[in-house]
Every structure is written in structure tokens, then in C-alpha cells.
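Read through the structure below, which is laid out as C-alpha cells, and then see the notes.
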């Protein structure tokens, strides 16, 4: 899986965002065992140290945890993942509305446009 | 590690010199054949060509052994290949020793091939007799074994040429310390060192002559009626001096190399 | 003990100072970019680490050892030029490396050669410069060294091979080794770098964690470099 990166933003932050999306979208399910840092780095074609940093961040957010001899796992806390999803969805929505506002369309119009587009 | 370096240095020389060895022997054989069979004008002409080719190959062996030894020394230590040579986990002494031994071996082989070629082409009882008679006229008054004379002459020539090669190596090492005109300096310095080495030998022999009047006789007397022992002594001492110079220059070369190289 | 320690390194040629008071420290397990303009001193620094030049003053230590036989055993160096004996075939060069370097992995070399479409039985003289450079890269990456130093590895290479080279560097990665990448093609490689070192006019002007620098300047390393060294 080749990820695209913007060199202007710290790589580990971008990796973090990608990982969050994988967690939210269920690519990695609750309680599932994650690949090793090395495997991640090879798949994403990134520096293992940077990958490690991103995973450390995820861990500090309690989204993943480390079992000493077995490796890293996705949190079993479904509510936490749901909360993450919520936050992400709201950020997307805000971004949409802001975009529409810029071209002079309000919330009601925005919702109407949403219903017009195909799923 | 020295063995490994030597392996590759020898491989290189074999690849580059074999053709000359083979051609030299080949033309020696053709010369022998052409002069042994019934002579006619055509055979005679072809024979002469064969002889010229043989001597051409002999000259090539001498020149190429010298040039390629120097060339390989320079390429491995100072040109693009040096980026590999100097990053190998070997000491500078090992690098030098490998080149030294390789040069020695190939000079030795070269000499043997030359002698062999001449032998194949020319050896016959009559020829040997005429050569020894000729030498006897030179060494008139000497009760010297002709064979000894020839052997001594060959050894001295060998040492002389090897000496020149060493001077070339040292000249290259010193020449490369300059930032510009490395080749020019290398040749100049090498040549100067060669002259110094030759002068030293003569000077030291003269000094020896101050203690040994028979050897001094060789310096003073214009005639060829010399003491055979003096001649023997001269030859032996000259050989020892050559060896000392070769050893001394090697030590200096290694000392300079160990100071570090600055590769372009 | 650090993998690489450089203390007060100075190098002058004919009264011209090429490197001035360089101090550098590098740990294992890092991929570092050595970045600078042409003539800034990158290659000089690299050659000094590899014993191709002698310092005017100062010290270079690798795993605590002074530059010499022991350090050469653990450094795998890819110079900018072709340095192989062109009379050899690729297979002979592989044997050569196997002979001199205990850490040379022949199987890996064969695999890399295959991936890059290089014929192991071909003579180097029959190969284009680009192919020879690829062979050199294979040799360098097939060693299990502690320090890999690659001088402009992406220079004359097509984009597909560039990607392959970066992938190989990443897959070669282990915590006990570090890689120093010297290059101008910053935007191509910056995303795999842990640290960056900027060198200008013979002096180290910056050594920093890559992401930290991006965060601080809110720009890519490439952009930061351009701003700093604007002509």
C-alpha cells in the first residue's frame, strides 16, 4: 500500500491520520493484532522510526496498546473508536460547510446538495 | 588479507600478460622450425620476420611488465579504483606488499619466458660455443666460469630493472602528494630517485674499493685484465646494494602510504 | 558509544579550508540526510570518514575506533563514481566482495541483481555507466554493515529505479545500522529521513530531527533548504 505524503507536514503526523482512518473504517478491528512496526514500515514504505512514532502517538491516545511479548493490538474499547469516528465525521462535515459558506451557500442548501449527490 | 589482494593482483597480470608470453614462445618455436628446415630465400625471409616478432614480443614483455606494474600501482592507489582499494579492510602495508610481490613474480616469470624463448629459438651446441667464446674474449684472462658470468649478468640486470620499478613506485607516491601535475611530478621524482640510487651504488662500491685494492683496480685500471675475484666481489656487493636499496625504498613507500592518501 | 563521532574536524587543501571545525554525532538505527550545495563539503566529509582523505586536524571515530581496518569492516560506501575493475564480470566482482567482506550476503546480491535486470555473467566493460552504478549499489546494499554511506545514489537514475533504491534502503534498515544519504534531490528522499544535516561552505549549519524541523518551520525540508541557501 503506497501512501502519499505531503513533505510540508511532519510525516509521523500524516501516518497517524492514516492509521486513525484505518481504525475508524475497520481495516483494523477492535482487539485485532496489528502487524509489527517493521511490517507496517515495509508496507507503507516509510522509515520504521517514523512508524514507531506514529504508533506511540496512537498508544498515548489509548487507541492501541502493547502486550509485552505479543505485540501491538487495537483497543477493545469500541466506544473510543466510535468517539474517534464521530470526531472525524464532524471535522469532515465542518469542512464541507465551510467550503459551501465560501461560495455563499448556507446549511440548508448544503444539506440539499448532499441529498442530490449519488451515494 | 594479503593473500586475497595478491590473488587479484596476480589474476590481473596473468590476464594482461599471457598473450605476450604465448606469442613470444610461439615465435621462438617458429623461428627454430624455420631455421632448422631446408633454407630457401622465402623461408629465410619468413624466418627473419619470425625472429623480429620474437624479439618484438620479448621487448613487449619487458616494457609491459614495467608499464603495467606502474599502471596498476597508480590505478589501484590513486585513480577511480582506489575508492574501492582504500575502503577494503586491509592495511596500507598489505596493499603495498601485494603490489611488490606481484611485480616481483611477474618480472621473474617475464625473465624466464624470455630466456626460454631465446633458448628455444637459438640453442644448439654450436651457438652456445660461439656465445661462450665471445664472452671469453670479454673476460680474457679470467678463469671465470662462463655460466657464472651469464648468471651474474642476468641477476644484476634483473635487480637493476626491479630497482627502477621501485623508484617508479616511490616517485608515484611522492608525486601524488602534489595537487597539480601529479603525473609530471611522479615521473620527475621517480627519475631523480633512480639517479640517486644508481649514484649511491657506484659511490658505495668506490668506498668499498678504498678498503679492497683489487676492487679499486676495477675503477682505476683501463684494461680488462682484472682479478676474477674482484669482479666476483663487485658483482656480489652490487647485488647486496641493490637489495638494500629495494628494501629501503619499500620501507619509505610504506611509511609515506601510512601517512594517508588524498585521493581525488 | 555512538556509531559515528566527528570532533573538531578540519580539512584544507593548498591553504583553502574545505571543512571547518566539523562536529557531528550519529547513533545507530537512523537514516540521515547530508544535504548541501555543490562544493559545500559533503563529499570531502564522506571521503574523510572512508580514509580516502586525511584530516588536517580533528578526529573521526566509528564505534569508538579511529579510521582504519576495523572501521572499514563495518562501513559500506557507495561513491559517486564507478570504482570497479572493468575487466571483471559481475560474478567476479561478487566473489571479490565476498572475499574481502565477511558481512557480504551473496544471496541478497543475486536477488537485487535480478530485480534490477542485471546479468551476473556480463562483463562490466559491456555495461552502460548507469548499469555499472546499479551493480555498485547492489554490492553496497548486500553488505550487513553498521554504517552505509551513499553519495548521490539517486543521481543518474530513472524514477522507477529511484523508488527501488529507496525501498531497498528501507527494507535494509535495522536498529544496529545507520544510513547517511548525501544528495541534492531532497524532495525525493526527505520522507524517509530521520535526521537532516545541512552543510554549507564547509560548516555544519544544522542538525535536526526531520519531523521536528518540519513542525518548527511549517515547511518541507526541501523548502527550508531553498530558503536557507537562496542564491
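The values are calculated or read from the model by the stated rules, or taken from the named source; none is laboratory data. Only a predicted model underlies this, so the values are computations on that prediction, with no experimental measurement involved. So basically every Cβ, Gly included, is an ideal-geometry build from the backbone, and we count neighbours across all protein chains shown.
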Taking only region B:29-59 into account, find how many residues are buried (at least 19 other Cβ atoms within 10 Å of the Cβ) and under 30 Å from residue C:85 (Cβ atoms).
2
Scan (1) out of contact with any strand residue (DSSP E or B) (no Cβ under 9 Å at 6 or more places or on another chain); (2) under 28 Å from residue C:69 (Cα atoms); (3) within 14 Å of chain C (Cβ to nearest Cβ) for the single condition residue B:104 breaks and write down its number.
(3)
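Of the residues that sit in region C:150-163 and are part of a helix (DSSP H, G or I) and more than 11 Å from chain A (Cβ to nearest Cβ), which one is surrounded by the most Cβ atoms within 10 Å (Cβ to Cβ)?
Out of the qualifying residues, it is C:161.
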What are the residues in region C:124-140 that are exposed (fewer than 14 other Cβ atoms within 10 Å of the Cβ) and more than 19 Å from residue C:160 (Cα to Cα), if any?
C:125, C:126
Being surrounded by fewer than 19 Cβ atoms within 10 Å (Cβ to Cβ) and farther than 19 Å from residue B:10 by Cβ narrows C:90, C:69 down to just C:69
In the same structural domain as residue B:200 (by TED's automatic domain parsing) and within 15 Å of residue B:73 (Cα to Cα), is that true of residue B:162?
yes
Since residue C:119 meets every condition but one in (1) within 12 Å of chain B (Cβ to nearest Cβ); (2) within 25 Å of residue B:11 (Cα to Cα); (3) touching a helix residue (DSSP H, G or I) at 6+ places or on another chain (Cβ under 8 Å), which condition does it not meet?
(1)
Selection over region C:177-203 where residues are more than 16 Å from the chain's Cα centre (by Cα) and over 20 Å from residue C:37 (Cα atoms) yields a count of 0
Note on residue A:101: of the conditions (1) under 22 Å from the mean Cα position of the chain (by Cα); (2) in a helix (DSSP H, G or I); (3) modelled with pLDDT of 90 or more, unmet is (1)
Sole residue being in contact with a strand residue (DSSP E or B) (Cβ under 6 Å, 6 or more places away or on another chain), at the interface with chain B (Cβ under 10 Å from one of its Cβ atoms) and part of a helix (DSSP H, G or I), chosen from C:44, C:71
C:71
Do we have residue B:134 as free of Cβ contacts under 8 Å to residues at least 24 places away in the same chain, over 29 Å from residue C:54 (Cβ atoms) and part of a helix (DSSP H, G or I) here?
yes
Filtered residues of region C:194-212 (kept if in contact with a helix residue (DSSP H, G or I) (Cβ under 7 Å, 6 or more places away or on another chain) and farther than 18 Å from residue C:184 by Cα)
C:211
Can you find, within region C:74-84, the residue that is nearest to the other protein chains (Cβ to nearest Cβ) among those that are buried (at least 19 other Cβ atoms within 10 Å of the Cβ) and out of contact with any helix residue (DSSP H, G or I) (no Cβ under 6 Å at 6 or more places or on another chain)?
C:77
Which numbered condition residue C:120 misses (of (1) more than 26 Å from residue C:52 (Cα to Cα); (2) within 17 Å of the chain's Cα centre (by Cα)):
(2)
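From C:226, C:191, grab the single residue that is part of a helix (DSSP H, G or I), at the interface with chain A (Cβ under 10 Å from one of its Cβ atoms) and more than 28 Å from residue C:73 (Cα to Cα). Spell out how you get there, then give the answer.
Details: C:226 fails: at the interface with chain A (Cβ under 10 Å from one of its Cβ atoms).
Sole residue among the options that is part of a helix (DSSP H, G or I), at the interface with chain A (Cβ under 10 Å from one of its Cβ atoms) and more than 28 Å from residue C:73 (Cα to Cα): C:191.
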With respect to residue C:101, is the statement that it is at pLDDT 95 or above and within 14 Å of chain B (Cβ to nearest Cβ) true?
yes
Identify the single condition in (1) more than 10 Å from chain A (Cβ to nearest Cβ); (2) more than 19 Å from residue C:76 (Cα to Cα); (3) outside any helix (DSSP H, G or I) that residue C:219 does not satisfy, given that it satisfies every other one.
(1)
Residue by residue through region C:168-178, note down the ones that are modelled with pLDDT of 90 or more and over 15 Å from residue A:50 (Cα atoms).
C:168, C:176, C:177
Residue C:200 fails exactly one of the following numbered conditions: (1) within 20 Å of residue C:44 (Cβ to Cβ); (2) buried (at least 21 other Cβ atoms within 10 Å of the Cβ); (3) modelled with pLDDT under 95. What is the number of that condition?
(2)
Among the candidates C:28, C:91, residue that is over 14 Å from the mean Cα position of the chain (by Cα) and free of Cβ contacts under 8 Å to residues at least 40 places away in the same chain:
C:91
Does residue B:78 satisfy the condition of being over 13 Å from the mean Cα position of the chain (by Cα), away from chain C (no Cβ under 14 Å) and surrounded by 17 or more Cβ atoms within 10 Å (Cβ to Cβ)?
no
Filter result for residue C:176 (surrounded by fewer than 21 Cβ atoms within 10 Å (Cβ to Cβ), in contact with a helix residue (DSSP H, G or I) (Cβ under 9 Å, 6 or more places away or on another chain) and either closer than 21 Å to residue A:44 by Cβ or within 14 Å of chain A (Cβ to nearest Cβ) (or both)):
no
Tell me, please, whether a residue that is out of contact with any helix residue (DSSP H, G or I) (no Cβ under 8 Å at 6 or more places or on another chain), within 13 Å of chain B (Cβ to nearest Cβ), modelled with pLDDT of 95 or more and in a helix (DSSP H, G or I) can be found in region C:138-149.
yes
What residue, of A:31, A:26, is modelled with pLDDT under 95, in a loop (DSSP other than H, G, I, E, B), exposed (fewer than 15 other Cβ atoms within 10 Å of the Cβ) and under 13 Å from the mean Cα position of the chain (by Cα)?
A:26
Checked region B:245-264 for anything in a helix (DSSP H, G or I), within 14 Å of chain C (Cβ to nearest Cβ) and crowded, with 16+ Cβ neighbours inside 10 Å; matches are B:256, B:257
Within region A:41-60, can one find any residue that is surrounded by fewer than 16 Cβ atoms within 10 Å (Cβ to Cβ), assigned to a strand (DSSP E or B) and in contact with a strand residue (DSSP E or B) (Cβ under 8 Å, 6 or more places away or on another chain)?
no
